[in-house]
Amino acid sequence: MKNKINLTIILTIGLALILACGNADSNQPNMNTVPGSATDAAPVAVKAVDITKEYDENELAADAKYKGNTLSVTGKVSEIAEVMGSYQVDLEGFKKSGINLLSVKCTFAESEKGNIAKLKKGQMATLTGTGGGKTMNLYVGLNECKIK
């Protein structure tokens, strides 16, 4: 009986580790891109409305196009926040029946705090960072962002 309990505990911990490792890659850059292409090339310019619509229509195709690449995304600022020490700015995505389904969530280093403080909700902004893909069907991530 004691061996069954120990085996159950070990299997449960192993399964939890496997699941955690599988989810850890979801925000990693696309390693299928040509080495040096994302950093050496000019950023891919895209509107927040367009990239969110592409992710809504086909996440796999959008990942192949954007994830891991340097993007320059333009859109209307909808949120400015500090969440658990992380500075974030959201850009409005496309709307269905007047409802904003996806946004672009840009994450910044603390060194960008002064520039973020100059933004206002409703203004247009262009943010440049690394495409991180879609997260939990809520937003399209953009990492290591700078305000252009």
For this session: Would you check if residue 109 is at pLDDT below 95, over 15 Å from residue 56 (Cα atoms), over 11 Å from the mean Cα position of the chain (by Cα) and surrounded by 11 or more Cβ atoms within 10 Å (Cβ to Cβ)?
Result: yes
Problem set entry | Scan of the range 100-148 for residues that are touching a residue at least 40 places away in the same chain (Cβ under 8 Å) and of a type in the set (Gly, Ala, Ser), ordered by number | 103, 122, 125, 129, 131, 132, 133, 141
Exercise. What tally of residues in the range 70-93 results from selecting those that are assigned to a loop (DSSP other than H, G, I, E, B) and buried (at least 20 other Cβ atoms within 10 Å of the Cβ)?
Worked result: 1
Problem set entry | Those residues of the range 131-147 which are in contact with an Asp or Glu (Cβ under 8 Å, 6 or more places away or on another chain) and either among the aliphatic types (A, V, I, L, M) or closer than 10 Å to residue 106 by Cβ (or both), in sequence order | 139, 145, 146, 147
Exercise. If residue 82 passes every condition in (1) at pLDDT below 95; (2) touching a Phe, Trp or Tyr at 6+ places or on another chain (Cβ under 8 Å) but one, which one does it miss?
Worked result: (2)
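The values are calculated or read from the model by the stated rules, or taken from the named source; none is laboratory data. Predicted model, so just to flag it, every value in this text is computed and none were measured. Heads up, the Cβs are rebuilt from the backbone with ideal geometry, glycines too, and the neighbour counts pull from every protein chain shown.
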